[in-house]
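The values are calculated or read from the model by the stated rules, or taken from the named source; none is laboratory data. What you see is a predicted model; the values in this text were computed from it and never measured. All accessible areas refer to the heavy atoms of the entire protein, side chains included, with ligands and DNA or RNA removed. Shrake-Rupley method; radii C 1.70, N 1.55, O 1.52, S 1.80 Å.
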Amino acid sequence: MPDYEELYHMMIHASEAALAALETGNVWDARRILIAAEQAAEDRYVESAG
């Protein structure tokens, strides 16, 4: 069973990091952070659901 709390924390930390990148005007880093977090969360979900 997926650990939704862990997935939630992964995405929250990534969104905080992305916001920090945006505050410095670094849009591409913010995008990279969010995409990487989404992929990691999807991978963990699939691993734990299967």
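Rounded to the nearest 10 Å², what accessible area does MET11 show when all protein chains are kept and the probe is 1.4 Å?
The value for MET11 is about 70 Å².
On a 0 to 90° scale, report how tilted helix 4-23 is relative to the longest principal axis of the chain, with both axes built from alpha carbons and the result rounded to the nearest 10.
The two axes meet at around 10 degrees.
Averaged over all directions, how much area does the convex hull of the C-alpha atoms of the chain cover when projected, in nm²?
Mean orientational projected area (the chain, Cα hull): 2.9 nm².
Ignoring ligands, DNA and RNA, what percent of the 1.4 Å accessible area of the chain is carbon and sulfur?
58
Do the sum for the chain: with -39,500 (n - 2.57) for every DSSP H run of n ≥ 4, divided by all residues, what is the mean residue ellipticity at 222 nm, to the nearest 500 deg cm²/dmol?
Counting only the DSSP helices, I get -30000 deg cm²/dmol.
Solvent-accessible area per residue for the chain at a 1.4 Å probe radius, Å²?
On the way: 3900 Å² over 50 residues.
On a per-residue basis, the chain sits at 78 Å².
Round to the nearest 10 and give me the degree value, 0 to 90, for the angle of helix 27-49's Cα axis relative to the longest principal axis of the chain.
0
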